[in-house]
Amino acid sequence: MEINGKAIYFLENPETGICKLATGLQLKYEDTIKDVFGVADFKDLLMMLKYNKGFQESICKAHEIAEKDIKLELIFRIATKDDLLQQKDHVSK
């Protein structure tokens, strides 16, 4: 996955309950991935997704899926309209 500097991304760590929107530039030049997932960069996030059992279990529980159905897009993707509206509702509460 290549990070587009102009896109808005949705990041979710179900293990810690952190959800965040960030631009591609923020992902490249700030500590956004570290703030959400606790790892230094995107490559480390992929390793965490593959090998961290507790993280995998939290994704399965949050999305009501089996471990074999875990995909990166569940926790790191270009934000959808629903993601944006959900964050707007969360901020306004």
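Computed quantities for the displayed model
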{"quantity": "Matching residues in segment 39-76 - criterion: being at pLDDT 95 or above and either among the small types (Gly, Ala, Ser) or in contact with a strand residue (DSSP E or B) (Cβ under 6 Å, 6 or more places away or on another chain) (or both)", "calculated": "Gly54, Ser58, Ala62, Ala66, Ile75, Phe76"}
{"quantity": "Filtered residue count, segment 44-57, keeping only those that are buried (at least 16 other Cβ atoms within 10 Å of the Cβ) and more than 20 Å from Thr32 (Cα to Cα)", "calculated": "1"}
{"quantity": "In segment 15-41, the residues that are in contact (Cβ under 8 Å) with a residue 24 or more places away in the chain and open to solvent by less than 30 Å² (accessible area, probe 1.4 Å)", "calculated": "Leu27, Val36, Phe37"}
{"quantity": "Selected residue (only one of Ala62, Ala79, Ala66 is open to solvent by less than 100 Å² (accessible area, probe 1.4 Å) and closer than 16 Å to Met1 by Cβ)", "calculated": "Ala79"}
{"quantity": "Unmet criterion (only one of (1) touching a Leu at 6+ places or on another chain (Cβ under 6 Å); (2) open to solvent by less than 70 Å² (accessible area, probe 1.4 Å); (3) outside any loop (DSSP other than H, G, I, E, B)) for Ile3", "calculated": "(3)"}
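The values are calculated or read from the model by the stated rules, or taken from the named source; none is laboratory data. This is a predicted model, so every value here is computed, not measured. Neighbour counts are summed over all protein chains in view; Cβ atoms, including those assigned to glycine, are modelled from backbone coordinates with ideal geometry. Ligands, DNA and RNA are stripped out before the accessible areas are found, and what is left, the full protein with its side chains, is counted by its heavy atoms. Shrake-Rupley method; radii C 1.70, N 1.55, O 1.52, S 1.80 Å.
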